[in-house]
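Visitor: Quick one: the structure is below, questions incoming.
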Amino acid sequence: MSHPALARDFIANRERTQWHDKALWFVREKRDRMASSVPEWELLRETASAIKQHTLSLLPDYLEQFESNAAKLGVVVHWAADAHEHNEIVLGILQQRNVRRLVKSKSMLTEECHLNPYLEQHGIEVVDTDLGERIVQLRKETPSHIVLPAIHIKKEEVGECFHEHLGTKKGASDPKYLAEAARHHLRERFCRADAGLTGVNFAIAETGGIVICTNEGNADLGVSLPKLHIACMGFEKLIPRAADLGVFLRLLARSATGQPITTYSSHFHGPPAGCELHIVIVDNGRTEIFRNPEFRRSLNCIRCGACMNTCPVYRRSGGHSYEATVPGPIGSILTPIQTPEKHSSLPFACTLCGSCTDVCPVKIDLHHQLFAMREVLDGKRLIGASKKLSMKLVSGVLSRTWLYNLLGTAARLSLRWLPRFLIYNPLNAWGRQRELPLAPKKTFRQQFAERQQKDDKR
Ligand code: SF4
């Protein structure tokens with residue numbers, strides 16, 4: 001289904017749409033406060049972008065360096081060309097060690113590879129230990145946001161879910177009570193796990209170490225108790241030197257949730273004595289993106305989610321309407337590259353306002369890439385006739401100033417003079433989602449002149 005069709009379901013619940021919009025805007029504002037409190041913020045963004053560009057320009061060398069340094073630390077490095085191979089490698093490691101119960105911290109890569117259902121089909125119990133991820137797992141849903149996976153779910157719904165699965169009191173919705181229940185439930189799963197699986201935020205070529213950032217400490221607990229740790233990463237997680245890490249750590253949490261730093265930034269340099277650490281490096285379509293100079297910069301992404309929090313379309317249509325592992329602006333670039341037929345509507349889920357580009361900590365030119373992706377899809381003849389026609393009409397209006405002004409005046413007059421029920425009614429989808437202030441009776445010029453007169457009199 002297309003993005004507009006799926007978004008329609010989300011928008012149908014107006015109260016939820018507004019609440020979702022507000023919740024994400026709250027995070028966006030926190031991010032703004034944090035960013036403005038760091039005087040060298042723009043320099044950090046420039047530096048992060050330059051480091052990522054440099055890494056991509058020497059990617060094969062850095063990957064080899066990482067593999068060799070990781071091996072020296074006692075890590076077993078595996079390479080997976082696609083999702084299926086990734087899943088087979090993970091399953092093979094688990095089966096060889098007779099693992100029946102796996103605890104997993106948040107990893108968008110394993111979502112992308114659909115690892116959970118694959119392992120469950122082979123009789124392995126998988127428990128997501130990030131609280132948001134656990135909630136969506138219990139509800140048999142997918143995350144709707146890469147940092148806030150359960151942002152679309154209200155606390156009352158979490159209460160119902162926990163009542164059904166964890167036996168909490170019926171009707172309970174107190175976040176503290178529910179978090180406490182989840183803590184007890186997960187603690188028990190941690191204690192009986194045979195292996196822990198994590199994602200990777202940064203892999204350092206110079207040292208062969210990996211860094212995992214969480215706010216709940218679940219990755220640390222999940223890999224500290226069992227003797228086997230598997231870490232899965234896309235190859236774009238690589239950075240050249242340990243000294244580069246500080247740049248990204250300062251940007252990541254501030255951009256993601258408006259915190260100065262993630263609560264836990266855990267470094268793993270080889271397995272502890274008597275334990276095993278396996279790192280699975282996955283391609284799964286990344287080489288195709290890497291080869292494309294137009295979209296290569298999308299591999300800079302550090303998955304902070306800031307572009308989602310600011311996107312006016314994402315905030316009002318919800319993550320599930322993208323039907324993609326990574327939703328929002330960056331997902332609308334990454335996903336259609338791999339599945340253009342299925343996801344041809346995603347680059348149009350964008351107003352080209354450029355807000356995503358403004359907040360991206362690694363300076364990905366997101367709205368330019370979204371625009372370029374539309375051209376690519378057009379070249380593949382994947383854009384419908386109605387969309388092309390409407391684009392032509394809009395382009396005709398925007399390229400003629402007199403017509404634009406004329407239509408603007410007509411719109412202003414209709415907002416002022418048309419009976420409101422003609423604009424705001426359930427049959428008009430445009431009016432249903434908006435509550436514009438009434439157009440002022442006086443023009444801006446008249447209001448300004450009146451204010452001047454008042455000031456003069458004073
Ligand atoms: S594209 Fe930029 S803003 Fe969006 S998730 Fe990636 S790093 Fe964050």
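Visitor: Using the 10 angstrom Cβ neighbour count as an exposure proxy, how do 308, 373, 34, 233 rank, fewest first?
Guide: Listed from fewest to most nearby Cβ atoms, that is 34, 233, 373, 308.
Visitor: Shape call for the chain from the C-alpha gyration tensor, a ≥ b ≥ c root eigenvalues: rounded (a/c under 1.5), prolate (a/b greater than b/c) or oblate?
Guide: Prolate, because a/c is 1.5 or more and a/b exceeds b/c.
Visitor: Viscosity 0.692 mPa s, temperature 37 °C: give me the Stokes-Einstein translational D for segment 139-279 in µm²/s, with Rh taken as the Kirkwood radius over C-alpha pairs.
Guide: 193
Visitor: Mean separation of Cα pairs under 8 Å and 6+ residues apart, divided by the residue count of segment 302-379: what relative contact order is that in percent?
Guide: Relative contact order for segment 302-379 comes out at 31 percent.
Visitor: Something else about it: Among 404, 314, 322, what is the fewest-to-most ranking by other Cβ atoms within 10 Å?
Guide: Fewest-to-most Cβ neighbours within 10 Å comes out as 404, 322, 314.
Visitor: I'd like the isolated cysteines in the chain, meaning no second cysteine's beta-carbon lies under 4.7 angstrom from theirs.
Guide: 113, 161, 191, 213, 232, 275, 301, 304, 311, 350, 353, 360
Visitor: Grab the DSSP H runs of the chain that are 4 residues or longer, score each as -39,500 (n - 2.57), total them, divide by all residues and round the 222 nm result to the nearest 500 deg cm²/dmol.
Guide: -16500 deg cm²/dmol
Visitor: Among 169, 237, 30, 454, rank each residue by its count of other Cβ atoms within 10 Å, from fewest to most, as a rough exposure measure.
Guide: 454, 169, 30, 237
Visitor: Right, another one. Rg and Dmax in Å for segment 202-321, alpha carbons only: what are they?
Guide: Rg, Dmax (Cα atoms, Å): 16.2, 50.
Visitor: Can you say what percent of the DSSP beta bridges in the chain, counting only those with both residues inside, are antiparallel? Round to 5. Don't skip to the end; give the middle numbers.
Guide: On the way: 8 of 32 bridges.
Taking every DSSP beta bridge with both residues in the chain, the antiparallel ones total about 25 percent.
Visitor: Rounded, prolate or oblate: pick one for segment 363-409, where a ≥ b ≥ c are the square roots of the eigenvalues of its C-alpha gyration tensor, a/c under 1.5 means rounded, and failing that, prolate if a/b is larger than b/c, else oblate.
Guide: Details: a/c = 3.73, a/b = 1.52, b/c = 2.45.
Oblate shape, in that a/c is at least 1.5 and b/c is the bigger or equal ratio.
Visitor: Could I ask something else about it? Which whole-number value in Å³ per residue fits the convex hull of the alpha carbons of segment 16-137?
Guide: Given the Cα convex hull of segment 16-137, per-residue volume reads 182 Å³.
Visitor: Hey, what did segment 248-406 get for relative contact order, percent, Cα under 8 Å, at least 6 apart?
Guide: That works out to 19 percent.
Visitor: So which lysines pass the test for residue 392, namely a Cα distance under 21 Å, with those fewer than 8 places away in the same chain ruled out?
Guide: 380
Visitor: Let a ≥ b ≥ c be the square roots of the eigenvalues of the Cα gyration tensor of segment 1-69; is it rounded (a/c under 1.5), or, if not, prolate (a/b larger than b/c) or oblate?
Guide: Here segment 1-69 falls in the oblate category.
Visitor: If you plug each phi of segment 245-261 into the Karplus form 6.51 cos²θ - 1.76 cosθ + 1.60 with θ = phi - 60°, what whole-Hz ³J(HN,Hα) values come out, in order, with x for Gly and Pro?
Guide: Result, rounded to whole Hz: 4, x, 4, 6, 5, 5, 7, 4, 5, 4, 6, 6, 10, x, 9, x, 7.
Visitor: A further question follows. Evaluate 2.2 N^0.38 Å with N set to the residue count of segment 38-284, then give the Cα radius of gyration divided by it.
Guide: Rounded to two decimals, the normalised Rg is 1.03.
Visitor: For a 26 Å ceiling on Cα separation, which of these pairs sit above it: 30/104; 140/169; 104/155?
Guide: 30/104
Visitor: Give me the distance in nm between label points sitting 7 Å out from Cα along the Cα-to-Cβ direction at residue 64 and residue 275, one decimal.
Guide: Here the answer is 3.2 nm between the modelled labels.
Visitor: Where does helix 175-192 land angle-wise versus the long Cα axis of the chain, in degrees 0 to 90, nearest 10?
Guide: Computed tilt is about 30 degrees.
Visitor: Explain nothing, just the number: relative contact order of the chain, from Cα pairs under 8 Å at least 6 residues apart, as a whole percent.
Guide: 20
Visitor: Looking only at Cα atoms, what is the convex hull volume of segment 258-357 per residue, in Å³? Present the calculation step by step, with values, prior to reporting the outcome.
Guide: Working: hull volume 15.6 nm³, N = 100.
Per residue, the Cα convex hull of segment 258-357 comes to 156 Å³.
Throughout, read-outs are computed from the coordinates displayed, never taken from laboratory work. This is a predicted model, so every value here is computed, not measured. Here Cβ is always computed from backbone atoms with ideal geometry, including for glycine, and neighbour counts include all displayed protein chains.
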